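Read-outs: derived from the displayed coordinates by stated rules, not from any lab. All values derive from a computational prediction rather than experimental measurement. Glycine gets a Cβ as well: all are built from the backbone with ideal geometry, and neighbour counts include every protein chain shown.
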Amino acid sequence: MDENSSSAPTIKQVLCPVCNMLVDPREAVEKIEHGEHAHYFCSAECRKEFEADPKKFH
Ligand SMILES: [Zn+2]
Ligand SMILES: [Zn+2]
């Protein structure tokens, strides 16, 4: 019995650049767009920390 049920939804998660926690971009409320790329954060606190020194996280 061969079943080709490889229809697992691909949820592309990204890391919060501040604390390295996995964040689902579709649910991320804290987000910064930098032109070509975007950053997603797990919380407002992480976003604030990022904004305080963005270069640190690039
Ligand atoms: Zn975070
Ligand atoms: Zn950036």
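In this simple spin-label model, placing a label point 7 Å from the Cα along the Cα-to-Cβ direction at both Asp53 and Glu36 gives a separation of 2.5 nm. Highest mean packing comes first when the peptides 16-22, 39-45 are listed by Cβ atoms within 10 Å, giving 39-45, 16-22. Annotation: extensible slack from Asp24 through Ile11 equals 3.9 nm (criterion: 0.36 nm per residue apart, minus Cα-Cα distance).
Taking amide H atoms as placed 1.01 Å from N in the peptide plane, the amide H of Leu15 lies under 5 Å from those of Val23, each 5 or more residues away in sequence or on another chain.
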